[in-house]
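The values are calculated or read from the model by the stated rules, or taken from the named source; none is laboratory data. Since the model is a prediction, treat every value here as computed from it, not as a measurement. Heads up, the Cβs are rebuilt from the backbone with ideal geometry, glycines too, and the neighbour counts pull from every protein chain shown.
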Amino acid sequence: MDKLLTVKLEEFRRQNLYREPIAFEPLDAAHAACNGDACLLLASNNYLGLTHHAGVRKAAAEAALKYGTGAGGSRLTTGGSMLCADLEQALAEFKGAEAAVVFGSGYQANVGTISALAGPGDVIFSDELNHASIIDGCRLARARTVVFPHRDMAGLAALLAATPCAGQRFIVTDGVFSMDGDIAPLDDIVRLAGRHEALVMVDDAHATGVIGPGGRGTAAHFGLKGKVDIELGTLSKALAAEGGYVAGSAALIAYLVNKARPFIYTTALAPATVAAARAALRELAADPGLVRRLRDNAAFFRGELAAAGMVAAHEGTPIIALVLGGAAMAVTMAELLRREGLIVSAIRPPTVPPGTSRLRLTVSAAHSRAELAAAASLIAAAAAKLEILRR
Ligand SMILES: *Cc1c(COP(=O)(O)O)cnc(C)c1O
């Protein structure tokens, strides 16, 4: 077996697509040590810096001390706790939904929800840039999946009209696209869904704590309260913990609890994780300045990069994609920046389509303006050195 795998691994290397887990020592929400040097993290999904908030850390530590380190069972057997129930209640209130359910990860939430709700005879309309966990959920559902061009509402409308469906139609989209940072036109999607009796599901992994009033996500951003059937999100990004959630009607949530296999057949999240997410949600509600600081930082950093001719100057999310093209260029630029003390992610196929390898830069509320200004200069200098990004 190893011989065959080695041949395949060599092929990954040849295409500059070989991957390895990276080992940093986290220092705080915005810095990590790599090879002994403190580097600026410009690649974390820790958008609000809450992983290192004193109150959030204390809540996690106290939960571990009081309730132990592991849940010891699944939610439906012995792993359920009042911590989970309390978190679900808080998430439902945060989203303005009847109920919510927590999964072990955002990945499991997508796979579990889509495969529980859709099946043969149904049709799922899925944006071409949706997250891999949505794609895997569609595959597992064994429903027909129709991929529509990215954010293209005329394209979606044409496909809805042209695709016969004996069962239920679903339209599924990322709220904030994870590798591009653009926002789905959810208002238009909801309008089209109404016309074609489709259910709408949005994945707010990068929208929770980021967009909408109080960081309530994409539906709130568009003022669509009560109009999106399934709102899914993660506890692993701005909420500084681990896990995924779905918010919606009481019937939807009860159905998922009974039917979603990645909810049923897995161990409940550890008490410390649940307590951290709950505390992060509390911080988000208590300090409106957090989301504002994130937005201001994102606008500032994008402005600095735009002034250097690197990106378009539009209003956006904290995710900034510097599309470079080939995988080798993205890797070279990330390595160059690493030597300058910046940690950025080189994103390559199959995470993004071939020919669109990129640096994915993410801004946090924990960054200072001075750090962001210095980082933008370093990135512009690296691009000049590599003679790329002349626009
Ligand atoms: C990160 C992400 C997920 C998966 O969430 P995890 O909690 O990391 O498993 C799902 N959807 C999108 C859009 C994501 O970016």
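Please state which one of 216, 282 is basic (Lys, Arg), away from the ligand (no atom under 15 Å from the Cβ) and crowded, with 22+ Cβ neighbours inside 10 Å.
None of the other options fit; the residue is 216.
What residue, of 94, 24, is modelled with pLDDT under 95 and over 30 Å from residue 160 (Cα atoms)?
24
Name the residue, out of 208, 145, that is within 16 Å of the ligand (Cβ to nearest atom), of a type in the set (Val, Ile, Thr), at pLDDT 95 or above and buried (at least 19 other Cβ atoms within 10 Å of the Cβ).
None of the other options fit; the residue is 208.
Among the residues of region 184-196, are any more than 16 Å from the ligand (Cβ to nearest atom), modelled with pLDDT under 95 and either surrounded by fewer than 24 Cβ atoms within 10 Å (Cβ to Cβ) or among the aliphatic types (A, V, I, L, M) (or both)?
no
Would you check if there is a residue in region 220-234 being in a loop (DSSP other than H, G, I, E, B) and within 16 Å of the chain's Cα centre (by Cα)?
no
Mind checking whether some residue in region 309-319 is hydroxyl-bearing (Ser, Thr, Tyr) and touching a strand residue (DSSP E or B) at 6+ places or on another chain (Cβ under 9 Å)?
Yes - at least one qualifying residue is present in region 309-319.
Can you work out which of the residues in region 357-391 that are more than 23 Å from residue 47 (Cβ to Cβ) and surrounded by 19 or more Cβ atoms within 10 Å (Cβ to Cβ) is nearest to the chain's Cα centre (by Cα)?
So, considering only residues that are more than 23 Å from residue 47 (Cβ to Cβ) and surrounded by 19 or more Cβ atoms within 10 Å (Cβ to Cβ), the one nearest to the chain's Cα centre (by Cα) is 357.
Please specify each residue of region 92-111 satisfying the condition of being part of a helix (DSSP H, G or I), in contact with a helix residue (DSSP H, G or I) (Cβ under 7 Å, 6 or more places away or on another chain), of a type outside the set (Ser, Thr, Tyr) and within 16 Å of the ligand (Cβ to nearest atom).
106, 108, 110, 111, listed by residue number.
Considering region 231-255 alone, what residues qualify as being more than 16 Å from the ligand (Cβ to nearest atom) and touching a Leu at 6+ places or on another chain (Cβ under 9 Å)?
Hits for region 231-255 are 248, 252, 255.
Got at least one residue in region 221-230 being touching a His at 6+ places or on another chain (Cβ under 8 Å), within 22 Å of residue 316 (Cβ to Cβ) and within 16 Å of the ligand (Cβ to nearest atom)?
Checked region 221-230: no residue is touching a His at 6+ places or on another chain (Cβ under 8 Å), within 22 Å of residue 316 (Cβ to Cβ) and within 16 Å of the ligand (Cβ to nearest atom).
Would you please name the residue that is surrounded by the most Cβ atoms within 10 Å (Cβ to Cβ), looking only at residues in region 101-140 that are within 18 Å of residue 193 (Cβ to Cβ) and in contact with a Gly (Cβ under 6 Å, 6 or more places away or on another chain)?
114
What pairs can you find where one residue is in region 217-246 and at pLDDT 95 or above, the other is away from the ligand (no atom under 15 Å from the Cβ) and among the hydroxyl-bearing types (Ser, Thr, Tyr), and their Cβ atoms are less than 9 Å apart, with a gap of 6+ or different chains?
Once the first residue is at pLDDT 95 or above and sits in region 217-246, its partners that are away from the ligand (no atom under 15 Å from the Cβ) and among the hydroxyl-bearing types (Ser, Thr, Tyr) give 229/249.
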